[in-house]
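Trainee: First the structure, which I've put down as C-alpha coordinates, then a few questions once you've had a look.
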Amino acid sequence: MSSLTEKDRPIVQLLLNTGTCPRCILRFCSVGSQALYRRAYKNLMKDLEEFLRNNQEKEDRVCFDVVDPPCKRIRLEHMEGPDDPNHNGALQQIPLVNDEAVENSAVKVCNVCLGILQEFCEADFVKKVCQKVNSADYQFTSFVFSVSLPPQLSVRERAAWLLVKQEMGNLGLSLSKDDIVQLKEAYKWIIHPQLSEELGVPADGKSLFEVSVVFAHPETDEECHFLATACRDCFKPAKNKQSVFTRMAVLKALEKIKEEDFLKHFPCPPSSPKNFCDVLEIQCSNGAVFVAGRYNKYSRNLPQTPWIIDGERKLDSSVEELISEHLMAEFKADSFNFSSSGREDVDVRTLGNGRPFAIELVNPHRIHFTAEEMKGLQQTINNSSDKIQVRDLQLVTREAIGRMKEGEEEKTKTYSALIWIDKAIQKEDIAFLDDIKELKLDQKTPLRVLHRRPLAVRCRLIHTMKSEYIDEHHFRLHLKTQAGTYIKEFVHGDFGRTKPNIGSLLNRTADILELDVESVDVDWPPAL
(Lines give C-alpha, C1' and ligand atoms only; values in the text may rest on other atoms or scores of the structure.)
Protein backbone atom coordinates (compact mmCIF):
# COMPACT_ATOMS: atom_id res chain seq x y z
CA MET A 1 0.00 0.00 0.00
CA SER A 2 1.62 3.29 -1.12
CA SER A 3 0.72 6.38 0.82
CA LEU A 4 1.40 9.87 1.97
CA THR A 5 1.74 10.34 5.71
CA GLU A 6 1.39 13.27 8.07
CA LYS A 7 5.04 14.25 7.73
CA ASP A 8 4.44 14.71 3.97
CA ARG A 9 1.66 17.23 4.63
CA PRO A 10 3.92 20.32 4.82
CA ILE A 11 5.73 19.33 1.60
CA VAL A 12 2.45 18.82 -0.26
CA GLN A 13 1.04 22.10 0.94
CA LEU A 14 4.24 24.08 0.36
CA LEU A 15 4.78 22.81 -3.18
CA LEU A 16 1.14 23.18 -4.23
CA ASN A 17 1.19 26.77 -3.02
CA THR A 18 4.33 27.51 -5.07
CA GLY A 19 3.01 26.06 -8.36
CA THR A 20 4.34 22.50 -8.41
CA CYS A 21 2.39 19.73 -10.18
CA PRO A 22 1.03 16.67 -8.31
CA ARG A 23 3.53 14.22 -9.82
CA CYS A 24 6.51 16.38 -8.88
CA ILE A 25 5.04 16.63 -5.36
CA LEU A 26 5.01 12.82 -5.22
CA ARG A 27 8.65 12.82 -6.30
CA PHE A 28 9.63 15.19 -3.50
CA CYS A 29 7.66 13.04 -1.05
CA SER A 30 9.83 10.09 -2.18
CA VAL A 31 6.82 8.10 -3.36
CA GLY A 32 8.13 5.12 -5.35
CA SER A 33 4.82 3.64 -6.48
CA GLN A 34 4.87 3.53 -10.28
CA ALA A 35 1.12 2.97 -10.52
CA LEU A 36 0.43 6.09 -8.48
CA TYR A 37 2.23 8.31 -11.00
CA ARG A 38 0.12 6.78 -13.77
CA ARG A 39 -3.16 7.95 -12.28
CA ALA A 40 -5.04 10.62 -14.19
CA TYR A 41 -3.78 14.13 -13.50
CA LYS A 42 -7.13 15.44 -12.26
CA ASN A 43 -7.53 12.47 -9.93
CA LEU A 44 -4.12 13.14 -8.42
CA MET A 45 -5.10 16.76 -7.78
CA LYS A 46 -8.26 15.59 -6.01
CA ASP A 47 -6.26 13.09 -3.96
CA LEU A 48 -3.89 15.81 -2.77
CA GLU A 49 -6.79 18.12 -1.95
CA GLU A 50 -8.46 15.37 0.05
CA PHE A 51 -5.18 14.63 1.79
CA LEU A 52 -4.83 18.26 2.88
CA ARG A 53 -8.46 18.45 4.03
CA ASN A 54 -8.33 15.28 6.04
CA ASN A 55 -8.78 15.76 9.75
CA GLN A 56 -5.48 14.56 11.19
CA GLU A 57 -7.08 14.01 14.63
CA LYS A 58 -9.29 11.30 13.12
CA GLU A 59 -6.65 9.74 10.91
CA ASP A 60 -2.92 10.23 10.76
CA ARG A 61 -2.54 8.33 7.48
CA VAL A 62 -4.36 8.71 4.14
CA CYS A 63 -3.71 5.88 1.70
CA PHE A 64 -4.11 5.87 -2.06
CA ASP A 65 -5.68 2.56 -2.96
CA VAL A 66 -2.85 1.31 -5.17
CA VAL A 67 -1.02 -1.99 -4.71
CA ASP A 68 2.69 -1.59 -5.45
CA PRO A 69 6.14 -2.17 -3.89
CA PRO A 70 7.08 -0.13 -0.79
CA CYS A 71 7.77 3.51 -1.54
CA LYS A 72 10.97 5.45 -0.92
CA ARG A 73 10.50 7.32 2.34
CA ILE A 74 11.86 10.50 3.76
CA ARG A 75 14.48 9.74 6.38
CA LEU A 76 13.72 10.93 9.90
CA GLU A 77 16.84 12.52 11.35
CA HIS A 78 15.39 12.89 14.81
CA MET A 79 11.87 12.99 16.17
CA GLU A 80 11.03 15.68 18.66
CA GLY A 81 9.35 14.62 21.84
CA PRO A 82 5.59 15.11 22.28
CA ASP A 83 6.18 18.11 24.52
CA ASP A 84 8.28 19.89 21.88
CA PRO A 85 6.35 22.84 20.37
CA ASN A 86 7.57 21.87 16.88
CA HIS A 87 6.10 18.38 17.13
CA ASN A 88 2.76 18.05 15.22
CA GLY A 89 1.77 21.53 16.26
CA ALA A 90 3.84 23.03 13.43
CA LEU A 91 1.82 21.05 10.89
CA GLN A 92 -1.40 22.59 12.11
CA GLN A 93 -0.06 26.11 11.83
CA ILE A 94 0.49 25.83 8.04
CA PRO A 95 -2.59 27.15 6.22
CA LEU A 96 -4.39 24.75 3.93
CA VAL A 97 -4.49 25.28 0.17
CA ASN A 98 -7.85 26.72 -0.82
CA ASP A 99 -10.11 25.29 -3.51
CA GLU A 100 -9.15 27.92 -6.06
CA ALA A 101 -5.42 27.26 -5.65
CA VAL A 102 -5.89 23.55 -6.16
CA GLU A 103 -8.11 24.08 -9.20
CA ASN A 104 -5.66 26.54 -10.78
CA SER A 105 -2.64 24.33 -10.12
CA ALA A 106 -4.18 21.71 -12.41
CA VAL A 107 -3.77 23.99 -15.42
CA LYS A 108 -0.69 26.01 -14.52
CA VAL A 109 2.66 24.91 -15.93
CA CYS A 110 4.65 23.19 -13.19
CA ASN A 111 7.49 25.34 -11.87
CA VAL A 112 9.75 22.29 -11.51
CA CYS A 113 9.19 19.94 -14.47
CA LEU A 114 7.98 22.68 -16.88
CA GLY A 115 5.07 20.47 -17.93
CA ILE A 116 6.94 17.22 -18.63
CA LEU A 117 4.85 15.35 -16.05
CA GLN A 118 1.69 17.15 -17.13
CA GLU A 119 0.86 17.62 -20.80
CA PHE A 120 3.45 15.15 -22.08
CA CYS A 121 2.04 12.25 -20.08
CA GLU A 122 -1.34 12.48 -21.76
CA ALA A 123 -2.72 10.04 -24.34
CA ASP A 124 -2.62 12.64 -27.14
CA PHE A 125 1.13 13.02 -26.84
CA VAL A 126 1.67 9.26 -26.63
CA LYS A 127 -0.32 8.85 -29.86
CA LYS A 128 1.78 11.55 -31.51
CA VAL A 129 4.96 9.64 -30.61
CA CYS A 130 3.52 6.34 -31.85
CA GLN A 131 2.40 7.91 -35.13
CA LYS A 132 5.98 9.06 -35.68
CA VAL A 133 7.27 5.55 -34.90
CA ASN A 134 4.77 3.83 -37.19
CA SER A 135 5.35 6.24 -40.07
CA ALA A 136 9.11 5.55 -39.88
CA ASP A 137 8.38 1.92 -40.88
CA TYR A 138 10.88 0.06 -38.69
CA GLN A 139 10.93 -3.62 -37.79
CA PHE A 140 11.19 -4.07 -34.00
CA THR A 141 10.03 -6.50 -31.31
CA SER A 142 10.66 -4.23 -28.31
CA PHE A 143 11.75 -0.67 -27.64
CA VAL A 144 13.82 1.44 -25.30
CA PHE A 145 12.58 4.96 -24.58
CA SER A 146 15.01 7.83 -24.02
CA VAL A 147 14.28 11.43 -23.20
CA SER A 148 16.46 14.53 -23.35
CA LEU A 149 15.41 17.25 -20.91
CA PRO A 150 16.34 20.95 -20.84
CA PRO A 151 19.36 21.42 -18.55
CA GLN A 152 17.61 24.20 -16.62
CA LEU A 153 15.27 21.57 -15.13
CA SER A 154 18.18 20.52 -12.90
CA VAL A 155 18.51 24.12 -11.66
CA ARG A 156 14.79 24.36 -10.90
CA GLU A 157 14.82 21.01 -9.14
CA ARG A 158 17.72 22.17 -6.98
CA ALA A 159 15.79 25.32 -6.00
CA ALA A 160 12.69 23.30 -5.10
CA TRP A 161 14.78 20.84 -3.10
CA LEU A 162 16.39 23.64 -1.08
CA LEU A 163 12.92 25.02 -0.33
CA VAL A 164 11.61 21.65 0.85
CA LYS A 165 14.83 20.89 2.71
CA GLN A 166 14.49 24.11 4.73
CA GLU A 167 10.85 23.35 5.57
CA MET A 168 11.66 19.80 6.63
CA GLY A 169 14.59 21.01 8.69
CA ASN A 170 12.20 23.19 10.67
CA LEU A 171 10.25 20.02 11.51
CA GLY A 172 13.31 17.98 12.49
CA LEU A 173 13.22 15.93 9.27
CA SER A 174 15.70 15.58 6.45
CA LEU A 175 15.37 15.16 2.69
CA SER A 176 18.50 14.37 0.70
CA LYS A 177 18.78 14.80 -3.06
CA ASP A 178 18.88 11.00 -3.38
CA ASP A 179 15.46 10.69 -1.72
CA ILE A 180 13.79 12.53 -4.61
CA VAL A 181 12.49 10.31 -7.41
CA GLN A 182 14.31 11.34 -10.59
CA LEU A 183 12.19 13.16 -13.16
CA LYS A 184 13.26 10.87 -16.02
CA GLU A 185 12.47 7.80 -13.95
CA ALA A 186 8.99 9.02 -13.05
CA TYR A 187 8.33 10.04 -16.66
CA LYS A 188 9.25 6.60 -17.97
CA TRP A 189 7.04 4.94 -15.34
CA ILE A 190 4.12 6.84 -16.85
CA ILE A 191 5.06 6.65 -20.53
CA HIS A 192 6.32 3.05 -20.87
CA PRO A 193 2.97 1.26 -20.37
CA GLN A 194 1.18 3.67 -22.71
CA LEU A 195 3.78 3.32 -25.48
CA SER A 196 3.89 -0.44 -25.00
CA GLU A 197 0.13 -0.75 -25.35
CA GLU A 198 -0.04 1.54 -28.37
CA LEU A 199 2.93 -0.05 -30.19
CA GLY A 200 2.05 -3.62 -29.21
CA VAL A 201 5.56 -4.51 -28.00
CA PRO A 202 7.23 -4.43 -24.55
CA ALA A 203 9.65 -1.82 -23.25
CA ASP A 204 13.10 -3.35 -22.78
CA GLY A 205 16.18 -1.51 -21.55
CA LYS A 206 18.37 -3.74 -23.73
CA SER A 207 16.35 -3.28 -26.92
CA LEU A 208 18.22 -2.14 -30.03
CA PHE A 209 15.23 -0.07 -31.18
CA GLU A 210 15.23 3.36 -29.54
CA VAL A 211 12.45 5.91 -29.43
CA SER A 212 13.79 9.27 -28.27
CA VAL A 213 12.13 12.58 -27.45
CA VAL A 214 14.02 15.86 -27.10
CA PHE A 215 12.43 18.65 -25.06
CA ALA A 216 13.38 22.32 -24.88
CA HIS A 217 12.04 25.34 -23.00
CA PRO A 218 13.18 28.57 -24.68
CA GLU A 219 11.42 30.74 -22.08
CA THR A 220 13.85 29.61 -19.35
CA ASP A 221 16.96 28.85 -21.44
CA GLU A 222 19.06 31.52 -19.71
CA GLU A 223 18.40 30.24 -16.18
CA CYS A 224 21.63 28.19 -16.26
CA HIS A 225 23.86 31.07 -17.23
CA PHE A 226 24.65 32.27 -13.70
CA LEU A 227 26.44 28.94 -13.12
CA ALA A 228 29.06 29.84 -15.75
CA THR A 229 30.17 32.74 -13.58
CA ALA A 230 30.20 30.73 -10.36
CA CYS A 231 31.83 27.60 -11.87
CA ARG A 232 33.74 28.61 -14.99
CA ASP A 233 35.74 25.37 -15.23
CA CYS A 234 32.55 23.33 -15.67
CA PHE A 235 31.59 24.96 -18.97
CA LYS A 236 34.11 24.32 -21.72
CA PRO A 237 33.28 24.58 -25.44
CA ALA A 238 33.12 21.29 -27.35
CA LYS A 239 33.16 20.85 -31.13
CA ASN A 240 30.06 18.66 -31.24
CA LYS A 241 27.99 20.70 -28.75
CA GLN A 242 25.94 23.74 -29.76
CA SER A 243 25.95 25.13 -26.21
CA VAL A 244 28.31 24.83 -23.25
CA PHE A 245 25.25 24.48 -21.00
CA THR A 246 24.85 20.73 -21.35
CA ARG A 247 23.00 18.69 -18.76
CA MET A 248 26.22 17.12 -17.47
CA ALA A 249 27.98 20.49 -17.23
CA VAL A 250 25.06 21.97 -15.29
CA LEU A 251 24.92 19.00 -12.89
CA LYS A 252 28.67 19.29 -12.33
CA ALA A 253 28.31 23.00 -11.55
CA LEU A 254 25.40 22.36 -9.18
CA GLU A 255 27.56 19.92 -7.25
CA LYS A 256 30.26 22.58 -6.85
CA ILE A 257 28.27 25.71 -6.06
CA LYS A 258 27.55 26.47 -2.42
CA GLU A 259 23.91 26.65 -1.35
CA GLU A 260 24.18 30.28 -0.23
CA ASP A 261 25.71 31.28 -3.59
CA PHE A 262 22.97 29.42 -5.45
CA LEU A 263 20.25 31.21 -3.49
CA LYS A 264 21.79 34.60 -4.29
CA HIS A 265 21.32 34.02 -8.01
CA PHE A 266 18.19 31.88 -8.35
CA PRO A 267 14.70 32.29 -6.85
CA CYS A 268 13.58 29.76 -4.30
CA PRO A 269 10.89 28.60 -4.97
CA PRO A 270 11.41 28.76 -8.75
CA SER A 271 9.01 31.05 -10.60
CA SER A 272 6.05 29.69 -12.52
CA PRO A 273 6.62 29.66 -16.30
CA LYS A 274 4.03 30.77 -18.83
CA ASN A 275 4.57 28.00 -21.37
CA PHE A 276 4.97 24.25 -21.50
CA CYS A 277 8.12 22.67 -22.92
CA ASP A 278 8.51 22.39 -26.70
CA VAL A 279 9.11 19.03 -28.37
CA LEU A 280 12.17 19.63 -30.54
CA GLU A 281 12.16 16.18 -32.12
CA ILE A 282 10.82 12.66 -31.91
CA GLN A 283 13.26 10.20 -33.40
CA CYS A 284 13.54 6.45 -33.95
CA SER A 285 16.63 4.40 -34.60
CA ASN A 286 17.56 0.75 -34.79
CA GLY A 287 20.84 -0.66 -33.57
CA ALA A 288 23.27 -1.74 -36.26
CA VAL A 289 22.93 -5.10 -38.01
CA PHE A 290 26.04 -7.00 -39.11
CA VAL A 291 26.32 -9.13 -42.24
CA ALA A 292 29.36 -11.28 -43.01
CA GLY A 293 30.53 -13.52 -45.83
CA ARG A 294 33.45 -14.16 -48.16
CA TYR A 295 34.01 -12.51 -51.52
CA ASN A 296 35.89 -13.46 -54.68
CA LYS A 297 37.20 -10.72 -56.95
CA TYR A 298 37.73 -11.69 -60.60
CA SER A 299 38.61 -8.31 -62.08
CA ARG A 300 42.08 -6.78 -62.32
CA ASN A 301 40.57 -3.33 -62.56
CA LEU A 302 38.49 -3.16 -59.39
CA PRO A 303 39.59 -1.68 -56.03
CA GLN A 304 38.33 -3.10 -52.74
CA THR A 305 37.06 0.32 -51.62
CA PRO A 306 36.31 3.49 -53.66
CA TRP A 307 39.53 4.74 -55.24
CA ILE A 308 39.62 8.50 -54.80
CA ILE A 309 42.78 10.60 -55.16
CA ASP A 310 42.74 14.35 -54.44
CA GLY A 311 38.96 14.30 -54.49
CA GLU A 312 38.81 12.68 -57.93
CA ARG A 313 37.33 9.23 -58.41
CA LYS A 314 39.58 6.94 -60.46
CA LEU A 315 37.31 3.95 -61.12
CA ASP A 316 33.56 3.56 -61.35
CA SER A 317 33.00 0.93 -58.67
CA SER A 318 34.56 -1.19 -55.92
CA VAL A 319 34.06 -4.51 -54.15
CA GLU A 320 32.60 -2.68 -51.18
CA GLU A 321 29.98 -0.89 -53.27
CA LEU A 322 28.99 -3.89 -55.39
CA ILE A 323 28.14 -5.81 -52.21
CA SER A 324 26.78 -3.05 -49.99
CA GLU A 325 24.37 -1.40 -52.45
CA HIS A 326 22.13 -4.49 -52.36
CA LEU A 327 22.39 -4.87 -48.58
CA MET A 328 21.58 -1.20 -48.06
CA ALA A 329 18.47 -1.52 -50.23
CA GLU A 330 17.15 -4.68 -48.58
CA PHE A 331 17.90 -3.66 -44.97
CA LYS A 332 16.82 -0.04 -45.66
CA ALA A 333 19.85 1.23 -43.77
CA ASP A 334 21.09 4.82 -43.52
CA SER A 335 24.76 3.99 -44.11
CA PHE A 336 27.31 1.20 -43.81
CA ASN A 337 30.85 0.40 -42.70
CA PHE A 338 32.87 -2.19 -44.59
CA SER A 339 35.72 -4.22 -43.12
CA SER A 340 37.63 -7.29 -44.28
CA SER A 341 40.46 -9.63 -43.42
CA GLY A 342 43.16 -7.72 -45.28
CA ARG A 343 42.86 -6.21 -48.75
CA GLU A 344 44.14 -6.78 -52.25
CA ASP A 345 45.43 -4.24 -54.78
CA VAL A 346 43.19 -3.02 -57.59
CA ASP A 347 44.97 -5.33 -60.12
CA VAL A 348 44.98 -8.43 -57.89
CA ARG A 349 42.32 -11.13 -58.07
CA THR A 350 41.01 -13.00 -55.02
CA LEU A 351 40.21 -16.62 -55.84
CA GLY A 352 39.66 -19.87 -53.91
CA ASN A 353 37.25 -19.60 -50.98
CA GLY A 354 37.46 -15.82 -51.05
CA ARG A 355 38.28 -13.15 -48.49
CA PRO A 356 36.23 -12.79 -45.26
CA PHE A 357 34.34 -9.50 -44.96
CA ALA A 358 31.78 -7.88 -42.68
CA ILE A 359 29.43 -4.97 -43.22
CA GLU A 360 27.86 -2.91 -40.44
CA LEU A 361 24.47 -1.60 -41.57
CA VAL A 362 23.67 1.56 -39.62
CA ASN A 363 20.09 2.26 -38.51
CA PRO A 364 18.40 -0.46 -40.60
CA HIS A 365 14.63 -0.28 -40.92
CA ARG A 366 14.39 -3.99 -41.70
CA ILE A 367 16.25 -6.42 -39.43
CA HIS A 368 14.60 -9.84 -39.75
CA PHE A 369 15.76 -12.13 -42.56
CA THR A 370 15.35 -15.89 -42.83
CA ALA A 371 18.17 -18.13 -44.04
CA GLU A 372 16.35 -18.48 -47.35
CA GLU A 373 16.04 -14.70 -47.71
CA MET A 374 19.76 -14.28 -47.04
CA LYS A 375 20.48 -16.94 -49.66
CA GLY A 376 18.30 -15.03 -52.13
CA LEU A 377 20.10 -11.78 -51.29
CA GLN A 378 23.44 -13.49 -51.94
CA GLN A 379 22.18 -14.62 -55.34
CA THR A 380 21.02 -11.10 -56.16
CA ILE A 381 24.51 -9.75 -55.46
CA ASN A 382 26.13 -12.48 -57.55
CA ASN A 383 23.77 -11.91 -60.48
CA SER A 384 24.45 -8.19 -60.50
CA SER A 385 28.11 -8.34 -61.54
CA ASP A 386 30.67 -10.67 -63.12
CA LYS A 387 33.47 -8.89 -61.25
CA ILE A 388 32.71 -10.35 -57.83
CA GLN A 389 30.91 -13.24 -56.15
CA VAL A 390 29.97 -13.68 -52.49
CA ARG A 391 29.39 -16.84 -50.48
CA ASP A 392 28.35 -17.78 -46.93
CA LEU A 393 26.34 -14.55 -46.57
CA GLN A 394 24.86 -14.48 -43.07
CA LEU A 395 23.79 -12.30 -40.14
CA VAL A 396 26.38 -12.16 -37.35
CA THR A 397 26.84 -10.35 -34.04
CA ARG A 398 29.14 -7.41 -33.41
CA GLU A 399 31.23 -9.63 -31.12
CA ALA A 400 31.67 -12.29 -33.82
CA ILE A 401 33.34 -9.79 -36.16
CA GLY A 402 36.27 -9.69 -33.75
CA ARG A 403 37.17 -13.21 -34.84
CA MET A 404 37.91 -11.89 -38.33
CA LYS A 405 40.60 -9.62 -36.91
CA GLU A 406 42.00 -12.10 -34.39
CA GLY A 407 45.49 -13.36 -35.21
CA GLU A 408 45.88 -10.81 -38.00
CA GLU A 409 49.66 -11.26 -37.97
CA GLU A 410 49.63 -15.02 -37.40
CA LYS A 411 47.30 -16.13 -40.19
CA THR A 412 48.67 -17.28 -43.53
CA LYS A 413 47.80 -16.49 -47.13
CA THR A 414 48.62 -18.26 -50.35
CA TYR A 415 49.39 -16.47 -53.60
CA SER A 416 50.11 -17.20 -57.23
CA ALA A 417 52.48 -14.76 -58.99
CA LEU A 418 53.37 -14.58 -62.70
CA ILE A 419 57.01 -13.43 -62.80
CA TRP A 420 59.16 -12.03 -65.62
CA ILE A 421 62.96 -12.41 -65.64
CA ASP A 422 65.29 -10.26 -67.79
CA LYS A 423 67.83 -13.02 -68.54
CA ALA A 424 66.92 -16.39 -69.96
CA ILE A 425 66.36 -19.15 -67.42
CA GLN A 426 65.90 -22.88 -67.47
CA LYS A 427 63.72 -24.96 -65.20
CA GLU A 428 66.77 -25.98 -63.19
CA ASP A 429 67.58 -22.32 -62.42
CA ILE A 430 64.44 -21.88 -60.31
CA ALA A 431 64.09 -25.39 -58.87
CA PHE A 432 65.98 -24.43 -55.68
CA LEU A 433 63.15 -22.06 -54.70
CA ASP A 434 60.99 -25.11 -53.91
CA ASP A 435 63.41 -26.15 -51.16
CA ILE A 436 63.42 -22.83 -49.32
CA LYS A 437 61.36 -22.92 -46.10
CA GLU A 438 60.58 -20.14 -43.58
CA LEU A 439 62.50 -17.49 -45.49
CA LYS A 440 62.83 -14.34 -43.37
CA LEU A 441 62.31 -10.98 -45.06
CA ASP A 442 63.05 -7.43 -43.96
CA GLN A 443 60.52 -5.20 -45.70
CA LYS A 444 60.82 -1.45 -45.49
CA THR A 445 57.50 0.25 -46.09
CA PRO A 446 56.98 0.09 -49.89
CA LEU A 447 57.27 3.32 -51.83
CA ARG A 448 53.77 2.83 -53.30
CA VAL A 449 52.09 2.88 -49.86
CA LEU A 450 54.42 5.27 -48.06
CA HIS A 451 51.85 8.07 -48.40
CA ARG A 452 49.42 6.17 -46.12
CA ARG A 453 51.63 3.90 -44.02
CA PRO A 454 54.34 4.90 -41.51
CA LEU A 455 57.95 4.26 -42.46
CA ALA A 456 59.12 1.06 -40.76
CA VAL A 457 61.00 -2.16 -41.38
CA ARG A 458 58.71 -5.18 -40.97
CA CYS A 459 59.92 -8.75 -40.56
CA ARG A 460 57.84 -11.24 -42.55
CA LEU A 461 58.05 -14.94 -43.40
CA ILE A 462 57.72 -16.81 -46.68
CA HIS A 463 56.71 -20.24 -45.38
CA THR A 464 56.96 -22.18 -48.66
CA MET A 465 57.41 -21.62 -52.41
CA LYS A 466 56.70 -23.80 -55.44
CA SER A 467 57.87 -22.75 -58.91
CA GLU A 468 56.18 -23.56 -62.21
CA TYR A 469 58.41 -22.99 -65.29
CA ILE A 470 56.70 -21.41 -68.32
CA ASP A 471 59.44 -20.23 -70.69
CA GLU A 472 62.87 -18.62 -70.69
CA HIS A 473 61.58 -15.35 -69.28
CA HIS A 474 58.47 -16.39 -67.33
CA PHE A 475 57.54 -18.65 -64.46
CA ARG A 476 54.72 -18.88 -61.96
CA LEU A 477 55.49 -18.92 -58.26
CA HIS A 478 53.05 -20.28 -55.65
CA LEU A 479 53.73 -18.87 -52.20
CA LYS A 480 52.43 -19.47 -48.69
CA THR A 481 53.27 -16.45 -46.56
CA GLN A 482 52.70 -14.70 -43.29
CA ALA A 483 49.82 -12.21 -43.44
CA GLY A 484 50.98 -8.70 -44.21
CA THR A 485 53.77 -9.72 -46.58
CA TYR A 486 54.17 -7.42 -49.58
CA ILE A 487 54.38 -9.95 -52.44
CA LYS A 488 55.05 -7.51 -55.27
CA GLU A 489 58.02 -6.07 -53.42
CA PHE A 490 59.31 -9.58 -52.60
CA VAL A 491 59.46 -10.20 -56.35
CA HIS A 492 61.09 -6.99 -57.68
CA GLY A 493 62.84 -5.82 -54.49
CA ASP A 494 61.41 -2.25 -54.42
CA PHE A 495 64.85 -0.72 -55.12
CA GLY A 496 66.43 -2.80 -52.39
CA ARG A 497 63.81 -2.00 -49.73
CA THR A 498 62.81 -5.71 -49.44
CA LYS A 499 65.66 -8.14 -48.72
CA PRO A 500 66.06 -10.82 -49.88
CA ASN A 501 63.85 -10.83 -52.98
CA ILE A 502 63.35 -13.01 -56.07
CA GLY A 503 65.68 -10.82 -58.10
CA SER A 504 68.50 -11.15 -55.57
CA LEU A 505 67.91 -14.89 -55.10
CA LEU A 506 68.16 -15.50 -58.88
CA ASN A 507 70.80 -12.81 -59.42
CA ARG A 508 68.63 -11.31 -62.13
CA THR A 509 66.15 -8.47 -62.59
CA ALA A 510 62.65 -9.71 -61.78
CA ASP A 511 59.21 -8.13 -62.03
CA ILE A 512 55.67 -9.27 -61.32
CA LEU A 513 53.09 -9.35 -64.12
CA GLU A 514 50.07 -10.83 -62.34
CA LEU A 515 49.17 -11.67 -58.78
CA ASP A 516 46.28 -13.72 -57.41
CA VAL A 517 45.26 -14.37 -53.80
CA GLU A 518 44.45 -18.08 -53.72
CA SER A 519 43.40 -18.37 -50.07
CA VAL A 520 43.01 -16.37 -46.87
CA ASP A 521 43.35 -18.87 -44.04
CA VAL A 522 40.78 -17.46 -41.61
CA ASP A 523 38.11 -19.90 -40.46
CA TRP A 524 35.35 -17.28 -40.39
CA PRO A 525 32.50 -16.77 -41.05
CA PRO A 526 31.20 -20.34 -40.75
CA ALA A 527 30.67 -22.05 -44.09
CA LEU A 528 27.00 -22.53 -45.00
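Trainee: With every protein chain in place, what's the accessible area of Arg38 (1.4 Å probe, Å², nearest 10)?
Mentor: It works out to around 100 Å².
Trainee: Using the beta-carbon distance between Gln166 and Val214 and R0 = 35 Å, what value does 1/(1 + (r/R0)^6) give for FRET efficiency, to the nearest 0.05?
Mentor: E(calc), rounded to 0.05, equals 0.55.
Trainee: Using r as the Cβ-Cβ distance of Ala329 and Thr246, and R0 as 45 Å, what FRET efficiency do you calculate, to the nearest 0.05?
Mentor: 0.75
Trainee: Accessible area per residue, 1.4 Å probe, Å², for the chain: what's the number?
Mentor: 50
Trainee: Separate question: About the Cα centre of segment 463-528, what is the dipole size in debye to 20, counting +1 per Lys and Arg Cβ and -1 per Asp and Glu Cβ, all else neutral?
Mentor: Dipole size: approximately 320 debye.
Trainee: Filter the chain for me: DSSP H helices, axial length by Cα at least 27 angstrom, mean Kyte-Doolittle hydropathy not below -1.0. List them by residue number.
Mentor: Counting only whole DSSP H runs, the qualifying helices are 152-170.
Trainee: Just subtract the alpha-carbon distance of Glu6 and Ala424 from 0.36 nm times their residue separation and send over the number in nm, one decimal.
Mentor: 139.9 nm
Trainee: How big is the chain by Rg and Dmax over its Cα atoms, in Å?
Mentor: Rg, Dmax (Cα atoms, Å): 35.3, 117.
Trainee: Using packing as a proxy for protection, rank 109-117, 251-259 so that the peptide with the highest average count of other Cβ atoms within 10 Å comes first.
Mentor: Going from most to least packed, we get 109-117, 251-259.
Trainee: Report the one residue of Leu377, Leu455, Ile430 whose Cα lies farthest in the direction of the positive end of the charge dipole of the chain (charges on C-beta: Lys and Arg +1, Asp and Glu -1; origin at the Cα centre).
Mentor: Ile430
Trainee: Size of the dipole of segment 413-520 about the Cα centre, Lys and Arg at +1 and Asp and Glu at -1 on the beta carbon, nothing else charged, in debye to 20?
Mentor: My answer is approximately 720 debye.
Trainee: Of Cys130, Cys24, Phe475, which is farthest along the charge dipole of the chain in the positive direction, counting Lys and Arg as +1 and Asp and Glu as -1 at C-beta?
Mentor: Working it through, the farthest residue towards the positive pole turns out to be Phe475.
Trainee: Also, I was wondering about something else. Let me know the volume per residue of the alpha-carbon convex hull for segment 178-300, in Å³.
Mentor: Spelled out: Cα convex hull of segment 178-300, divided by residues, is 238 Å³.
Trainee: Are there GluC sites (Glu not before Pro) in segment 363-400 that DSSP puts in a loop and that have at most 12 other Cβ atoms within 10 Å, and which ones?
Mentor: Answer by residue number: there is no such site.
Trainee: Related question: Mind listing which trypsin sites (Lys or Arg not before Pro) in segment 103-212 are in a DSSP loop and have 15 or fewer other Cβ atoms within 10 Å?
Mentor: Here the sparse-neighbourhood loop sites are Lys206.
Trainee: Then there's this: Given R₀ = 25 Å, what would the calculated FRET efficiency be for His478 paired with Arg343, taking r from the Cβ atoms and rounding to 0.05?
Mentor: Computed FRET efficiency for His478 and Arg343: 0.75.
Trainee: Can you give the extra length, in nm with one decimal, that the chain gains between Ser519 and Lys499 once fully stretched, where that is 0.36 nm per residue apart less the Cα-Cα distance?
Mentor: Taking 0.36 nm per residue and subtracting the Cα distance, the gain is 4.7 nm.
Trainee: Sorted from largest to smallest, which semi-axis lengths in Å does the alpha carbon gyration tensor of segment 413-520 give for its equivalent ellipsoid, taking the root of 5 times each eigenvalue?
Mentor: 22, 15, 13
Trainee: Continuing with this model, one more query. Placing +1 on the Cβ of each Lys and Arg and -1 on the Cβ of each Asp and Glu in segment 288-408, which of Asn353, Asn296, Leu393 has its Cα farthest towards the positive end of the resulting dipole?
Mentor: Among Asn353, Asn296, Leu393, the one farthest towards the positive end of the dipole of segment 288-408 is Asn353.
Trainee: Express the Stokes-Einstein translational diffusion coefficient of segment 363-473 in µm² s⁻¹, to the nearest whole number, given a Kirkwood radius over alpha-carbon pairs, 20 °C and a viscosity of 1.002 mPa s.
Mentor: Once the numbers are plugged in, D ends up at 110 µm²/s.
Trainee: Calculate the dipole size of the chain relative to its Cα centre from +1 charges on Lys and Arg beta carbons and -1 charges on Asp and Glu beta carbons; express the result in debye to the nearest 20.
Mentor: 1160
Trainee: Name the residues of segment 189-232 whose amide N is less than 19 Å from a point 7 angstrom out from the Cα of Arg366 along the C-beta direction?
Mentor: Zone members listed by number: 209.
Trainee: I need to check one value: relative contact order of segment 288-408, counting alpha carbon pairs closer than 8 Å and at least 6 residues apart, in percent.
Mentor: RCO, segment 288-408: 41 percent.
Trainee: Over the chain, with every protein chain in place, what whole percent of the accessible area is carbon and sulfur at 1.4 Å, could you tell me?
Mentor: 48
Trainee: Shifting gears a bit: Using only C-alpha atoms and all pairs of different ones, pull out the Kirkwood radius for segment 288-408 in Å with one decimal.
Mentor: 14.7
Trainee: I've got another one for you. If each DSSP helix of 4+ residues adds -39,500 (n - 2.57) and the sum is divided by the residues in the chain, what number results at 222 nm, nearest 500 deg cm²/dmol?
Mentor: Taking each H run of at least 4 residues, the total per residue is -9000 deg cm²/dmol.
The values are calculated or read from the model by the stated rules, or taken from the named source; none is laboratory data. Just so we're clear, the structure is a prediction, and the values are computed from it rather than from any experiment. When we count neighbours, we look across all protein chains shown, and the Cβ atoms used for this are built from the backbone with ideal geometry, even at glycine. For accessibility, only protein heavy atoms count, side chains too; no ligands or nucleic acids. Shrake-Rupley method; radii C 1.70, N 1.55, O 1.52, S 1.80 Å.
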